[in-house]
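Read through the structure below, which is laid out as structure tokens, and then see the notes.
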Amino acid sequence: MSTAHTFQYVDGPIGSFKTTSLLNYLRNNPIPATICTQTNDLSDQYEAAEGLNIEMICRKVHENGDYTAASQTYRESLQTNAARIYAVNQQVAIGCQDADPDRFYFFDEIPTIFETFKFNSLPLSQDFVSGWLASALSDEPSYYELVATDHIRNIAEHGWKDDVLKDCEEILTVAQRIASPHYRVFVLAKSFNAFKNGLPKQLQFFVVARPPLFPKHSTFIGANYKKSLQSLIWSVSEDVEFVPHPEIKAKHDDLKHKAKQTSIYYFSEKNFSKTLFDEKTSGSKKTVKPTSFPKIAKAAGKAIADKFRDEKFIYCTNTIYERTKWAGPNGTPISSNSRGYNGARDINMAVFMAAINFDPATITFLWKVYGIDREAAKYALTFESAYQFAGRTSLRMAGSKEPVTLIFGDRATAKAMQGFIPGCDEPKLIDLGIPELLFPDDEPEDTGEGEREDAAVRVEKSAEEMREANNERSQLRNRRKRILENHAQTLQYEGFRFRFWAHHSAMVTEESNVLLWEDVLEYCRTYVNREEIPAKDANKMFREGVFFDSENHLLRDNIQSTKIVVLDIDNVTGDVNEFSSHMKSRKISHAIVSTYSCVNVENYSERQIKIRVLIPLTEAVDADNYSRIIRLLNRDIGEKFDNQFPVDPACMSINNRFYAPCRPAKGEPIFIDGTYYDYDITRFVKKAPVFLDACWCMCRNLPEDLEAPAIKRHIAGSVRKTAEEIVFECAALAGKNNGDGPWYNAAVELIKAGYSKEESIAALSGKEHMFGSGKGRNAARAVNSVVDKQRNRAA
């Protein structure tokens with residue numbers, strides 16, 4: 001199977017002659033090329049390269065004050081009299097790639113593919129979110145992916161017009177990202193739903209660029225490329241292959257040749273953060289905190305002047321503190337985002353005082369959606385900036401023998417830098433005389449974790465281990481691959497096929513013909529509106545799917561695959577029509593029917609709504625993937641409606657039969673056709689129902705605590721006992737007053753036999769009386785206890 005996108009890359013530490021190798025490659029290969037840089041200064045340096053006629057493109061300012069945009073100049077040049085080699089800004093190159101699609105593009109420094117936009121109490125929150133933003137299900141159930149609407153496309157094309165929030169560049173950028181097929185935009189589901197309901201909470205957008213944004217002949221050149229977000233995210237989420245460039249290479253793999261002449265220091269044992277730098281504690285009227293940035297900076301300036309007298313250095317801080325005068329005459333400020341800056345190669349000292357910490361919400365997003373743990377995210381988002389900053393000094397000069405001094409704000413960054421320079425001595429503390437920057441002997445080290453849900457386990461890893469964990473052996477990617485490989489063995493069939501049992505204990509079944517979805521809807525409509533049945537047990541039971549043994553009336557262990565997921569939802573407290581509209585907005589076709597036990601009356605105090613939801617799939621799925629899909633759908637419903645539509649956990653298995661739709665014993669019947677249709681006037685059948693994409697849904701991120709134990713597949717001659725046999729055998733061991741032990745042992749044996757948690761609960765439910773007298777036996781509690789102990793032993 002071919003890969004959709006193949007990109008070349010050049011990895012290597014700072015100062016490993018990657019640029020030199022690129023220029024030599026262009027000298028020896030007369031190809032049309034564009035060098036894509038992040039700054040005009042770097043483009044200017046390429047223009048001066050010997051032996052190559054490189055044309056730099058930038059914005060041209062005319063004498064009358066008008067200007068010609070770089071993109072216009074570049075596009076016109078490509079279309080008229082193209083030079084062989086250009087040096088342009090990365091965004092200009094990306095935006096004009098269609099003018100010469102066969103050109104080769106070399107990105108000097110790794111492009112940014114991940115952005116976040118945060119809005120606090122937006123004045124237009126309800127209009128913007130409720131009326132204009134539309135969301136869809138994403139790979140991770142706790143996040144929505146935003147989709148383009150006509151309103152969003154209009155904002156993206158014509159700009160933002162609002163009387164309250166005029167010319168909001170960030171809203172315009174978010175709209176453009178949503179409207180573009182080259183980006184994916186996510187929001188936390190709970191925050192999005194809160195905004196739609198008018199609650200003044202924070203809304204944060206997570207934006208990820210996709211491979212089609214970049215030219216097909218792209219080579220990415222940058223230090224620590226395999227640990228970059230571009231590599232980590234695309235490796236697990238996109239059909240992309242990264243190939244080392246065969247000719248452009250770094251001269252060395254790390255900075256160990258600089259280890260003996262490099263000294264690393266830090267000022268604080270606690271992580272630098274904007275919270276640490278705040279002037280005062282939130283809500284407090286006390287004097288300025290001793291860890292406020294001006295106080296830290298003043299003490300740092302004095303310590304540097306005393307310890308490194310007359311040593312020139314570069315330094316950086318957060319933008320808000322740029323005007324703070326603390327470095328003295330020997331310090332030269334440069335941006336903390338210093339990629340491409342070469343003006344400090346003759347300076348031997350760097351002081352990195354910026355707090356570059358992405359908020360816990362960002363770290364959680366990367367972990368949940370892409371499986372990038374906190375440590376890997378910290379390297380890509382924070383430590384890489386410090387590394388690039390340090391690399392502006394003579395550290396990048398392989399031939400320099402001058403001692404190099406690197407000072408960082410906190411110990412975590414200093415330790416990370418030590419890892420970038422194998423063999424370098426342990427970082428040393430420069431005590432600023434501020435006790436609040438140090439950990440008391442009885443206080444644990446700060447991980448910077450905060451109180452975030454599902455925090456990734458913090459484990460110190462070597463660079464090689466991190467590369468293995470987050471790329472080649474990605475948990476998410478391998479799980480998806482395994483799921484699809486197993487799914488490829490699942491029996492597929494045409495249409496929908498129903499098996500009916502005349503009643504709960506029936507030993508003869510009736511098979512339907514091959515049905516279309518419209519036939520299924522008609523069947524549901526007919527059954528719901530027919531005459532009232534005398535009792536629940538008098539109703540038919542059904543299950544859709546194909547079976548291993550069509551002569552065998554049993555369902556459990558006999559069903560091979562199914563194309564309909566059935567949600568059994570009791571204790572409904574929400575609006576069923578609103579539920580259907582939401583599912584339909586997610587392009588999830590469905591039918592909602594009432595059950596015999598449903599009490600659908602006008603008197604709210606008597607009402608007890610009980611429904612079943614039938615959801616058709618694009619492909620048949622086996623027991624494993626049915627269990628996975630129904631759990632994910634349950635998560636999706638919970639994110640939107642909390643506990644208003646609780647899916648019965650005992651009915652989440654492919655081995656569950658269901659009573660046929662019927663008129664409730666009391667009240668009006670419920671039937672809702674929630675089919676989502678796709679309209680295409682070029683198609684013979686212009687109106688076609690859209691089913692839930694089984695392959696996409698089963699490959700979504702399912703948290704480990706919701707993963708069902710692996711279900712052993714049915715094979716010819718299998719000797720695995722049925723769940724009923726296990727329960728009956730354990731019940732036979734129960735005496736009059738000693739049924740609790742065999743009851744728990746039945747749960748143990750069911751799990752050991754490979755039945756899922758839900759299948760085991762279903763097998764035990766209603767069998768409590770078989771284990772003798774005694775109260776308090778609970779199937780779910782017994783099975784959950786067994787599963788929890790199993791996980792604890794595995795951990």
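The values are calculated or read from the model by the stated rules, or taken from the named source; none is laboratory data. Only a predicted model underlies this, so the values are computations on that prediction, with no experimental measurement involved. When we count neighbours, we look across all protein chains shown, and the Cβ atoms used for this are built from the backbone with ideal geometry, even at glycine. The accessibility values were calculated without ligands, DNA or RNA, using every heavy atom of the protein model including side chains. Shrake-Rupley method; radii C 1.70, N 1.55, O 1.52, S 1.80 Å.
Quick one: E619 ticks every box in (1) surrounded by 19 or more Cβ atoms within 10 Å (Cβ to Cβ); (2) closer than 23 Å to G545 by Cβ; (3) in contact with a Lys or Arg (Cβ under 8 Å, 6 or more places away or on another chain) bar one, so which box is it?
Of the numbered conditions (1) surrounded by 19 or more Cβ atoms within 10 Å (Cβ to Cβ); (2) closer than 23 Å to G545 by Cβ; (3) in contact with a Lys or Arg (Cβ under 8 Å, 6 or more places away or on another chain), the odd one out for E619 is (1).
Which of the residues spanning region 323-337 are over 13 Å from E311 (Cβ atoms), in a loop (DSSP other than H, G, I, E, B) and open to solvent by 50 Å² or more (accessible area, probe 1.4 Å)?
Result: R323, K325, S335, N337.
Table: residues versus (1) at pLDDT 90 or above; (2) farther than 20 Å from F267 by Cα.
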{"site": "E311", "(1), (2)": "yes, no"}
{"site": "E322", "(1), (2)": "no, no"}
{"site": "D359", "(1), (2)": "no, yes"}
{"site": "R374", "(1), (2)": "no, yes"}
{"site": "T382", "(1), (2)": "no, no"}
{"site": "S394", "(1), (2)": "yes, yes"}
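Between residues in region 174-199 that are closer than 19 Å to K368 by Cα and open to solvent by 30 Å² or more (accessible area, probe 1.4 Å) and residues that are in a strand (DSSP E or B) and at pLDDT 95 or above, which pairs lie under 6 Å by C-beta distance while being six or more apart or on different chains?
Close Cβ pairs satisfying both conditions: Y183/V207; Y183/A209; R184/V208.
Under 6 Å by Cβ, and 6 or more places apart or on different chains, what pairs join a residue from region 300-325 that is β-branched (V, I, T) with one that is in a loop (DSSP other than H, G, I, E, B) and open to solvent by less than 40 Å² (accessible area, probe 1.4 Å)?
That search, which allows pairs on different chains as well, returns I314/I334; I314/A344; I314/I347; T317/M353; T317/A354.
Going through region 706-742 one residue at a time, which ones are open to solvent by less than 40 Å² (accessible area, probe 1.4 Å), modelled with pLDDT of 80 or more and within 27 Å of F547 (Cα to Cα)?
I726, V727
Examine region 157-172 for a residue that is at pLDDT 85 or above and outside any helix (DSSP H, G or I), and state whether such a residue exists.
So far as region 157-172 goes, no, none of its residues is at pLDDT 85 or above and outside any helix (DSSP H, G or I).
So if I check each of S756, S760, S765, which one is of a type in the set (S, T, Y) and at pLDDT below 80?
Exactly one residue qualifies, and that residue is S756.
So which residues in region 665-705 are over 33 Å from the mean Cα position of the chain (by Cα), at pLDDT 85 or above and open to solvent by less than 80 Å² (accessible area, probe 1.4 Å)?
The answer is A665, G667, P669, I670, F671, I672.
Looking at T34, T116, T19, which one is closer than 29 Å to D254 by Cβ and either of a type in the set (S, T, Y) or at pLDDT below 90 (or both)?
None of the others qualify; the one that does is T19.
Does R467 count as at pLDDT below 85 and within 30 Å of N224 (Cα to Cα)?
Yes, satisfied.
Touching a strand residue (DSSP E or B) at 6+ places or on another chain (Cβ under 6 Å) and in contact (Cβ under 8 Å) with a residue 40 or more places away in the chain: which single residue out of A354, A386, A398 fits that description?
Exactly one of A354, A386, A398 is touching a strand residue (DSSP E or B) at 6+ places or on another chain (Cβ under 6 Å) and in contact (Cβ under 8 Å) with a residue 40 or more places away in the chain, namely A354.
Output the number of the condition that Q79 fails; it satisfies all remaining conditions of (1) surrounded by 15 or more Cβ atoms within 10 Å (Cβ to Cβ); (2) in a helix (DSSP H, G or I).
Result: Q79 fails condition (1) only.
All but one of (1) in contact with a strand residue (DSSP E or B) (Cβ under 6 Å, 6 or more places away or on another chain); (2) at pLDDT 90 or above; (3) of a type outside the set (V, I, T) hold for C96; which doesn't?
Among (1) in contact with a strand residue (DSSP E or B) (Cβ under 6 Å, 6 or more places away or on another chain); (2) at pLDDT 90 or above; (3) of a type outside the set (V, I, T), C96 violates only (1).
Tell me, which strands (runs of 3 or more DSSP E) wholly within region 173-285 include 1 or more residues that are basic (K, R) and either more than 20 Å from the chain's Cα centre (by Cα) or at pLDDT 90 or above (or both)?
Passing ranges, in order: 183-188.
Working only within region 759-778, note down all residues that are surrounded by fewer than 24 Cβ atoms within 10 Å (Cβ to Cβ), of a type in the set (D, E, K, R) and touching a helix residue (DSSP H, G or I) at 6+ places or on another chain (Cβ under 7 Å).
Scanning region 759-778 gives K767, R777.
State whether the residues of region 385-397 include one that is in contact with a Phe, Trp or Tyr (Cβ under 7 Å, 6 or more places away or on another chain), β-branched (V, I, T) and surrounded by 23 or more Cβ atoms within 10 Å (Cβ to Cβ).
No, because not a single residue in region 385-397 is in contact with a Phe, Trp or Tyr (Cβ under 7 Å, 6 or more places away or on another chain), β-branched (V, I, T) and surrounded by 23 or more Cβ atoms within 10 Å (Cβ to Cβ).
Where in region 1-75 are there strands (runs of 3 or more DSSP E), lying fully within it, with 3 or more residues that are closer than 16 Å to V88 by Cα?
Qualifying strands (runs of 3 or more DSSP E): 33-37, 54-56.
Among the numbered criteria (1) out of contact with any Asp or Glu (no Cβ under 9 Å at 6 or more places or on another chain); (2) surrounded by 12 or more Cβ atoms within 10 Å (Cβ to Cβ); (3) under 22 Å from R663 (Cα atoms), which single criterion is violated by V520?
(1)
Can you name the condition, by its number, that I588 falls short on among (1) of a type in the set (A, V, I, L, M); (2) closer than 27 Å to W696 by Cα; (3) open to solvent by 30 Å² or more (accessible area, probe 1.4 Å)?
(3)
Among the residues of region 630-670 satisfying the criterion of being of a type in the set (V, I, T) and part of a loop (DSSP other than H, G, I, E, B), which is farthest from C598 (Cα to Cα)?
I654
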